[in-house]
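K.L.:
Mind looking over this structure? Questions follow.
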Amino acid sequence: MKKRVCVIYTGGTIGMTRTEYGYAPKKDFIRTALSEIKELDSEEMPDYDLVEYDPLLDSSNIAVSHWIQLAEDIEKAYHQYDGFIILHGTDTMAYTASALSFMLKGISKPVILTGSQIPLCEIRNDGRDNIIAAFMIAANYDIPEICLYFGNKLFRGNRATKISSDDLIAFDSPNYPPLAEVGVRIDLNKDNILAPGKDLEVIKFQNHQIAVLKIFPGIQFEVFENIMTSNLKGIVIEAFGAGNIPEGGRALENILNKAIENQTIVVVCTQCLKGSAIIGQYETSKGLFEAGAISGYDMTVEAAITKLYYLFSLNYDIDTIKKLMV
Ligand code: ASP
């Protein structure tokens, strides 16, 4: 029997057209554009239904409420489809992929986010190939995960990050191998793919206050002291290299003391594209260690932020969240 996938278009370059102010998503355009990709009519391809969100969003406007909408829509339609394709803007695609990987607990079908750097309305575009490959993978391969497909590679959603604003290879997964590579063949890296879950359960994120602080030489931490209120649930520190901060944390002391006082969870990620942040590897991370900060290891910042949302939304106590963040 022919497979069936559900395509959700949230907005983003792939379905944008030219306007006098630059590219913007246009209602109904994606339906026409998909109908013009003749390969999608092939016997090898799944049938599909298209859901177009209203309003269509440049993904810079995606918020927690949209992640919830996506998760709930997938939950509602879950038993009618073999897989889901989310056409999404590239700017925040890795955040949405990470968020859905936590929200869609127990998933046993592929959910593939893709988009393009050049819209389908242009003669030369990357959207067409991304869509064709995403359709083929969603219908024919057992990948029970939230994935991101771009530039001939299928990545685990919560490992992917946007690495270029203009190359067609716009994403990478620097700390985890691709789940599949699309060349002459579609090669699956079976050992890297998760086992299917049993029952889908949607964990709805609550809109907690989370912050990100990127360290740079000469940073004046007092600029950030006012954000350290008791409403701030978690802060991701993008530290240097293996998790280092200026002066071993003494300069950051006020911020860290406020975090302790307010029970704000401090997670340390690296600002390097690849590798891990491990508190304690260098003396310059001493202050973080003393403040009870936790190492984010090789998590992307996108994954750290969305994992904080996830754990706080489960209403765990601080110690449990700290344990589960790792
Ligand atoms: N600004 C666009 C978006 O993220 C960029 C893209 O889709 O490539 O929606």
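K.L.:
Going through Phe155, Phe150, Phe135, Phe224 one at a time, which residue ends up being of a type in the set (Phe, Trp, Tyr) and over 30 Å from Ser116 (Cβ atoms)?
P.N.:
Exactly one residue qualifies, and that residue is Phe224.
K.L.:
Quick one: which of Phe84, Phe150, Phe135, Phe155 is farther than 21 Å from Tyr48 by Cα, among the aromatic types (Phe, Trp, Tyr) and in contact with a strand residue (DSSP E or B) (Cβ under 9 Å, 6 or more places away or on another chain)? Write out each step before concluding.
P.N.:
Details: Phe84 fails: farther than 21 Å from Tyr48 by Cα; Phe150 fails: farther than 21 Å from Tyr48 by Cα; Phe135 fails: farther than 21 Å from Tyr48 by Cα.
On inspection, the qualifying residue turns out to be Phe155.
K.L.:
Still on this model: So which residues in the range 117-158 are touching a Leu at 6+ places or on another chain (Cβ under 8 Å) and assigned to a loop (DSSP other than H, G, I, E, B)?
P.N.:
Gln117, Ile118, Asp126, Tyr141, Ile143, Pro144, Glu145, Gly151
K.L.:
Please report, ordered by residue number, the strands (runs of 3 or more DSSP E) entirely within the range 207-277 with at least 2 residues that are within 30 Å of Ala170 (Cβ to Cβ), modelled with pLDDT of 95 or more and not β-branched (Val, Ile, Thr). Reasoning before the result, please.
P.N.:
On the way: elements: 209-214, 232-239, 265-270.
The qualifying strands (runs of 3 or more DSSP E) are 209-214, 232-239.
K.L.:
Looking at the range 107-118, which of its residues are farther than 14 Å from Leu179 by Cα and within 16 Å of the ligand (Cβ to nearest atom)? Don't jump to the end; show me each part of the working.
P.N.:
Taking the range 107-118 and keeping what is farther than 14 Å from Leu179 by Cα, we get 107-109, 114-118.
Selection gives Thr114, Gly115, Ser116, Gln117, Ile118.
K.L.:
How many residues are aromatic (Phe, Trp, Tyr) and within 16 Å of the ligand (Cβ to nearest atom) when one looks only at the range 156-192? So that I can check it myself, show each step before the final result.
P.N.:
If we filter the range 156-192 for residues that are aromatic (Phe, Trp, Tyr), which is where we start, we get 171, 176.
Restricting the remaining residues to those that are within 16 Å of the ligand (Cβ to nearest atom) gives 171.
Of the residues in that region, 1 qualify.
K.L.:
Which residue out of Tyr95, Tyr81 is more than 16 Å from the chain's Cα centre (by Cα) and of a type in the set (Phe, Trp, Tyr)?
P.N.:
On the way: Tyr95 fails: more than 16 Å from the chain's Cα centre (by Cα).
On inspection, the qualifying residue turns out to be Tyr81.
K.L.:
Right, another one. Name the strands (runs of 3 or more DSSP E) wholly inside the range 1-106 in which the number of residues that are within 16 Å of the ligand (Cβ to nearest atom) and closer than 17 Å to Phe205 by Cβ is 1 or more. So that I can check it myself, show each step before the final result.
P.N.:
Working: elements: 4-9, 16-19, 22-25, 47-52, 83-87.
The qualifying strands (runs of 3 or more DSSP E) are 83-87.
The values are calculated or read from the model by the stated rules, or taken from the named source; none is laboratory data. Computed from a prediction, not measured in an experiment: that's the story for all the values here. Cβ: placed from backbone, ideal geometry, glycine included. Neighbour counts: every protein chain shown.
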